[in-house]
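Peer 1: Got a structure for you, questions after.
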Amino acid sequence: MNIRIQQINVTVGDIRGNEALVVKALREAEGDGVELLILPELVTCGYPPMDLLERRSFQQALFDVNDRLVRATGKTALLFGSVGKNPAPQGRPVHNIAILAHEGNVVDTVRKTLLPTYDVFDEFRYFEPNREIHVTGWAGRKWGITICEDIWNNQNEYNYHTYDIEPADELRKLGAEVLVNISASPFTRRKPEMREDMLQRHAKRLGIPLLYANQVGANTELVFDGISSVISAQGDVVMRLATLREDRGDVKWPASGPPVPRNAESAIAPFPGREERIFRALVLGLRDYVGKSGMPGRVVLGLSGGIDSALTAVIAREALGPEQVMGITMPSPFSSGGSVSDSEQLAGNLGIQFYNVPIKNIYDAFLQALEPVLGETEFDVTEENIQSRSRGTLLMAVSNKLGHMLLNTGNKSELAVGYCTLYGDMAGGLSVLSDVYKTEVFRVSRWLNEEYYGREVIPWSTIEKPPSAELRPDQKDTDSLPEYDVLDGILRSYIEDQLPAEAIIAAGYPENQVRDVIRMVDRNEYKRRQSAPGLRVSSKAFGSGRRLPIVQRWTEMG
């Protein structure tokens, strides 16, 4: 039997568009002599559809597309993920399902058993769980079909749930000869190797091959990396598809013997390195955010001469093309000459539009207007924030007038500790780097110059100078923050590993800095609640996967 696994980039809610992609893949598979085409979870509606699933018109549209896709099958069978009606009178109205169709008929429908309801997942809100596990008999074999979490049982990056049932084990007991998993597993920087290790252990433990099809593309904050694969009964990787782009691969499964790739020379795509995978995830995330939202595709951002805006500009240029990107530098009385020249050099290297719009007169006008209210008060954060908000106002004016979406350039380290200004540098339609720590921003930027481009694109002076907001004379980030390697280590331990202060201190971080950083993170939840959506690349990002109350008194201070 010739089997194709294909990862296609679908859009949440675009049922007709997604249907066209599925039919196109099916027709190509037929032309190539493929006998079974396997596509990812919820390929008809995209993942996650969220509260669209509560609309009866949306449910019915999915039931209708299921019927059309089943009728579209001929000699090539199709296994695809969708939404199906709950036949029982009680429970939630729909199931998360996999449909196996062949020659215009439904061979079998499998319902998802384990519904993730943690972090960014909220499936128990919408779907009724499957309560009867069964194997699928087709083409002379017994297939164990599972959907995403069904195979992730107790295997996630963080053990949010301990399920009392192991669908893969139950299917093997029922005689499954192969395990199939259709999935919508989001990207995190550590997940590719961890996920593959999990799949290998499953296949080896059960003693049967495993076929895995994962979604690729981005929908709002979630980026899906694909990396669909075939694992042998011995736990070896037989085929691995590309990371963070559409791809397909074929295997032959003879009547006796294991599946083998039809094109052995290119069967196993390599994993990108850490910096490359973060960069490519952000490029894909921005491209799909703009493209799938139906926006014109043009973006604007402030160029400060700093590393964050520089990296954001590079990502925008790679995602959308140089002609779609506008950079504006807005020097204040405290800006260094290098911040302007570095911004200009970066824009020239990238080939993007560039404007220099000084804010000194605007800043002075604000101070003059406020003098009757504030009087002769000393310079403090107020004057710093006026500069930031002046820039935000100018950028939003360009966005409104020209239709360019404003990109927020803040990184995760700044957002975590509140080193950002509401209605100023937090303005924007998308926060590209909000899940990327400052130290990662530096590493990705160096990688871009040294390996991706092989030349200086981000000015080395930008990369090497001490980080500064340049909102007061001789200001440095370290005036009020620890060195970024220390800060990011504390933040990762607190936010992603969810460790209390005592455990972080025991790991070797200075006690006073740990306690100061945790206080800053906790008291700036109100800011993050008002920030733009951001692209997720870590196991615990700000946004839908981290839901903390603003008004609360619990602390992890030990």
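Peer 1: Report the extension gain between Lys204 and Asn512 in nm, rounded to one decimal, defined as 0.36 nm multiplied by the number of residues separating them, less their alpha carbon distance.
Peer 2: 106.1 nm
Peer 1: When Lys and Arg each count +1 and Asp and Glu each count -1, what net charge do the other residues less than 11 Å away from Ser304, Cβ to Cβ, add up to?
Peer 2: Cβ neighbours under 11 Å give a net charge of -3.
Peer 1: Can you give me the Cα centroid spacing of the stretch 319-371 and the stretch 482-558 in angstrom?
Peer 2: With the stretch 319-371 and the stretch 482-558 each reduced to a Cα centre, they are spaced 31 Å.
Peer 1: May I ask you to sort Thr44, Thr11, Thr188 by Cβ crowding, counting other Cβ atoms within 10 Å and putting the fewest first? Please list the in-between numbers first.
Peer 2: Values: Thr44 26, Thr11 19, Thr188 23.
Ranking Thr44, Thr11, Thr188 by Cβ neighbours within 10 Å, fewest first, gives Thr11, Thr188, Thr44.
Peer 1: Another question about this same structure. In the stretch 2-265, with Lys and Arg counted as +1 and Asp and Glu as -1 at Cβ, which of these residues, Gly33, Val70, Leu52, has the Cα nearest the positive end of the dipole, that is, farthest along it?
Peer 2: Toward the positive end, the furthest listed residue is Gly33.
Peer 1: With r defined as the distance between the Cβ atoms of Glu525 and Ala397 and R0 fixed at 41 Å, what FRET efficiency is calculated, to the nearest 0.05?
Peer 2: With a Förster radius of 41 Å, E is 0.90.
Peer 1: Based on other C-beta atoms within 10 Å, arrange Asp497, Asp250, Asp479 from fewest to most.
Peer 2: The most exposed by this proxy come first: Asp479, Asp497, Asp250.
Peer 1: I've got another one for you. Using alpha carbons only, how many degrees (0 to 90, rounded to 10) separate the axis of helix 360-374 from the longest principal axis of the chain?
Peer 2: 70
Peer 1: Can you give the charge dipole size of the stretch 393-457 about its Cα centre, rounded to the nearest 20 debye, using +1 on the beta carbon of Lys and Arg and -1 on the beta carbon of Asp and Glu?
Peer 2: 120
Peer 1: Turning to a different aspect of this structure: In debye, nearest 20, what is the charge dipole magnitude of the stretch 434-544 about its Cα centre with +1 on Lys and Arg Cβ and -1 on Asp and Glu Cβ, if you could check? Kindly include the intermediate steps, with their values, before the conclusion.
Peer 2: Values: 16 positive and 20 negative charges, 91 e Å.
Value, rounded to 20: 440 debye.
Peer 1: For the chain, find the longest principal axis of its Cα atoms and tell me its angle to the long axis of helix 381-402, 0 to 90°, nearest 10.
Peer 2: 60
Peer 1: Would you tally the net charge around Ala541, using a Cβ to Cβ cut-off of less than 10 Å, leaving Ala541 out, and scoring K and R as +1, D and E as -1? The partial results should precede the final answer.
Peer 2: On the way: positive: Lys412, Arg536, Lys540, Arg546; negative: Asp119, Glu221, Asp435, Glu496.
Counting the neighbours of Ala541, the net charge comes to 0.
Peer 1: Mind checking the stretch 159-203 for chymotrypsin sites (Phe, Trp or Tyr not before Pro) that DSSP puts in a loop (not H, G, I, E or B) and that have at most 16 other Cβ atoms within 10 Å?
Peer 2: Qualifying residues, ordered by number: Tyr160, Tyr163.
Peer 1: Let me ask something additional. Among Leu210, Gln513, Gly84, which residue has its Cα furthest toward the positive end of the charge dipole of the chain, with +1 on Lys/Arg Cβ and -1 on Asp/Glu Cβ?
Peer 2: Comparing the listed Cα positions along the dipole, Gly84 ranks first.
Peer 1: If you don't mind, there's one more thing I want to ask. Give me the percent of DSSP beta bridges within the chain that run antiparallel, rounded to the nearest 5. Can you show the working numbers first?
Peer 2: On the way: 38 of 69 bridges.
Around 55 percent antiparallel, to the nearest 5.
Peer 1: In addition: With a cut-off of at most 13 other beta carbons within 10 Å, and DSSP calling the residue loop, which trypsin sites (Lys or Arg not before Pro) in the stretch 43-104 qualify? Please list them. Show your work: numbers first, answer last.
Peer 2: Numbers: sites: Arg55, Arg56, Arg68, Arg71, Lys75, Lys85; in loops: Arg55, Lys75.
Here the sparse-neighbourhood loop sites are Arg55, Lys75.
Peer 1: Select from Thr409, Ser339, Tyr452 the residue farthest towards the positive end of the dipole of the stretch 277-477; place +1 on Cβ of Lys and Arg, -1 on Cβ of Asp and Glu, and compute about the Cα centre.
Peer 2: Tyr452
Peer 1: For Cα pairs less than 8 Å apart in space and 6+ apart in sequence, what is the mean separation divided by the residue count of the chain, i.e. the relative contact order in percent? Don't skip to the answer; put the middle values down first.
Peer 2: Details: 1123 pairs, mean separation 61.1, N = 558.
Computed over the chain, the figure is 11 percent.
Peer 1: What number comes out for the charge environment of Ala503, summing +1 per Lys or Arg and -1 per Asp or Glu over other residues with Cβ under 14 Å away?
Peer 2: -3
Peer 1: Treating the beta-carbon of each Lys and Arg as +1 and of each Asp and Glu as -1, no other charges, what is the dipole magnitude of the stretch 31-118 about its Cα centre, to the nearest 20 debye?
Peer 2: It works out to roughly 300 debye.
Peer 1: Within 10 Å of each candidate Cβ there may be at most 16 other Cβ atoms; applying that plus a DSSP loop requirement, which trypsin sites (Lys or Arg not before Pro) in the stretch 473-539 survive?
Peer 2: For trypsin sites (Lys or Arg not before Pro) across the stretch 473-539 that sit outside H, G, I, E and B with at most 16 neighbouring Cβ atoms in 10 Å, the list reads Lys476.
Only the coordinates and a few stated rules stand behind these numbers; no lab work does. These numbers were taken from a predicted model, which means no experiment stands behind them. Ideal geometry is used to build each Cβ from the backbone, glycine not excepted, and the neighbour counts take in all protein chains shown.
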